[in-house]
Ligand SMILES: NC(=O)c1ccc[n+]([C@@H]2O[C@H](COP(=O)([O-])OP(=O)(O)OC[C@H]3O[C@@H](n4cnc5c(N)ncnc54)[C@H](O)[C@@H]3O)[C@@H](O)[C@H]2O)c1
């Protein structure tokens, strides 16, 4: 199947990601079956789409006619079989629990037409395992959008062990048809099914680093975020954690501790905050306070002079070289493209690190590893040898 043959998509899960992805697909003129387990969740998804489109109309970025056409492309469902029975493509956006996803894939496979491609919006988890739950693993792929899908441009297209090139290409080209409120969406191919894929995999050791610094009382989160903001980044690492949700961070670390290294063990502070229900933006309190969901006030004058943002860049580069060694992607430029389009960075880590010199980046990683006693930060052979073709 080719991208132009995809006329109808089912979104399985109408939460934050599902309704946002549905909105983009409907804006591209594709019919969308929006499914969730309860009518109230479907209705909530639909009303969020309407609200978001109305904002665009009020800013005169969309016509009222295009808004009604987009809404007209969306139909709600609470019976999975009905939602997937006549579609060309499905995108699962249910909670990040592997067993649940495997169960959903099995059910979608039973009811979706034979030609349909089945995608997952999983942030980190094994596309191969979801594919193995179906009778069409060649047609199962990861299609990882970022939050919120209407603003973030990156979409990772992930190959499971059995995903065919035809499925990869159709999914890649489908993303090329999508435009969100910021512009044309950017697909990046992930050629191997590895935990966290590209963007979140680079974020995993950074999360570990800032978590450990906080856990050991070595930094003040506001001072670190102030430092990062003072060099032009829209958000510091601690605010990002709160924004994403401390529950999501906890599950992410648990997954990485099982799949990458036990060194990703969930730190005490993160456990405690989860137990206390302080999950960040969604609960109004996390590392920072989010009054009524508004962003925390970070006093830039408190920037920590001892925190060097290049440490984070070095950690990202080192992780990127692991992806090159694993064959997840061939090119550091693709990794940079993923980082720039998936978050708020203006320049990718490899472009930044090249100016510093690979030997210095490697030295910095080794120093961090020794200081914290965490082997994961040790530089790879690729980085040590400077074997990086930009
Ligand atoms: N939130 C993010 O920042 C983000 C970013 C990228 C990817 N993701 C991934 O997207 C997926 C969804 O995340 P979210 O943030 O939208 O979560 P969410 O909790 O907002 O939405 C999940 C939805 O799935 C529904 N659901 C529960 N059980 C279901 C089932 N059996 N079948 C279908 N739907 C079911 C829930 O009712 C809910 O509406 C996860 O895999 C997550 O890792 C999340």
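Taking the range 318-334 as the range and being in a helix (DSSP H, G or I), in contact with a helix residue (DSSP H, G or I) (Cβ under 9 Å, 6 or more places away or on another chain) and surrounded by fewer than 18 Cβ atoms within 10 Å (Cβ to Cβ) as the test, the residues that pass are 325, 333. The requirement of being more than 22 Å from residue 345 (Cα to Cα) and surrounded by fewer than 20 Cβ atoms within 10 Å (Cβ to Cβ) is fulfilled somewhere in the range 182-193, by at least one residue. Looking only at residues in the range 245-264 that are assigned to a helix (DSSP H, G or I) and touching a residue at least 60 places away in the same chain (Cβ under 8 Å), the one that is farthest from the ligand (Cβ to nearest atom) is 263.
So, in the range 354-390, exactly how many residues are part of a helix (DSSP H, G or I) and at pLDDT below 95?
Matching residues across the range 354-390 total 3.
Taking strands (runs of 3 or more DSSP E) as the structural unit, those lying wholly within the range 1-94 and holding at least 3 residues that are within 14 Å of the ligand (Cβ to nearest atom) correspond to 8-12, 31-35, 89-92. Taking the range 337-350 as the range and being touching a residue at least 12 places away in the same chain (Cβ under 8 Å) and under 14 Å from residue 312 (Cα atoms) as the test, the residues that pass are 339, 345, 348, 349, 350.
Residue-by-condition table, conditions (1) farther than 26 Å from residue 2 by Cβ; (2) in a helix (DSSP H, G or I); (3) near the ligand (Cβ under 10 Å from one of its atoms):
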{"site": "96", "(1), (2), (3)": "yes, no, yes"}
{"site": "99", "(1), (2), (3)": "yes, yes, no"}
{"site": "102", "(1), (2), (3)": "yes, yes, no"}
{"site": "105", "(1), (2), (3)": "no, yes, no"}
{"site": "110", "(1), (2), (3)": "no, yes, no"}
{"site": "114", "(1), (2), (3)": "no, no, no"}
{"site": "118", "(1), (2), (3)": "no, no, no"}
{"site": "122", "(1), (2), (3)": "no, no, yes"}
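Kindly evaluate residue 72 against the criterion of being without any contact (Cβ under 8 Å) to a residue 40 or more places away in the chain and in contact with a strand residue (DSSP E or B) (Cβ under 7 Å, 6 or more places away or on another chain). When the stated conditions are applied, residue 72 does not pass them.
You will find that of 120, 171, 126, 164, the residue that is under 15 Å from residue 18 (Cβ atoms) and in the same structural domain as residue 54 (by TED's automatic domain parsing) is 120 and no other. Filtering 315, 287 for residues that are in the same structural domain as residue 207 (by TED's automatic domain parsing), closer than 27 Å to residue 246 by Cβ, surrounded by 18 or more Cβ atoms within 10 Å (Cβ to Cβ) and within 25 Å of the chain's Cα centre (by Cα) leaves a single hit, 287. Entry remark, the range 138-150: residues being closer than 17 Å to residue 337 by Cβ and assigned to a loop (DSSP other than H, G, I, E, B) number 1 in total. Here is the figure for the range 81-108: residues that are over 30 Å from residue 256 (Cβ atoms) and under 26 Å from the mean Cα position of the chain (by Cα) total 4.
Residues in the range 124-144 that are more than 13 Å from the ligand (Cβ to nearest atom) and surrounded by 24 or more Cβ atoms within 10 Å (Cβ to Cβ): 131, 139, 140, 141. For the range 46-54, check the following and say yes or no: at least one residue is modelled with pLDDT under 95 and either closer than 27 Å to residue 5 by Cα or assigned by TED's automatic domain parsing to the domain that holds residue 14 (or both). Checked the range 46-54: no residue is modelled with pLDDT under 95 and either closer than 27 Å to residue 5 by Cα or assigned by TED's automatic domain parsing to the domain that holds residue 14 (or both).
The values are calculated or read from the model by the stated rules, or taken from the named source; none is laboratory data. Values in this document were obtained by computation on a predicted structure and should not be read as measured data. So basically every Cβ, Gly included, is an ideal-geometry build from the backbone, and we count neighbours across all protein chains shown.
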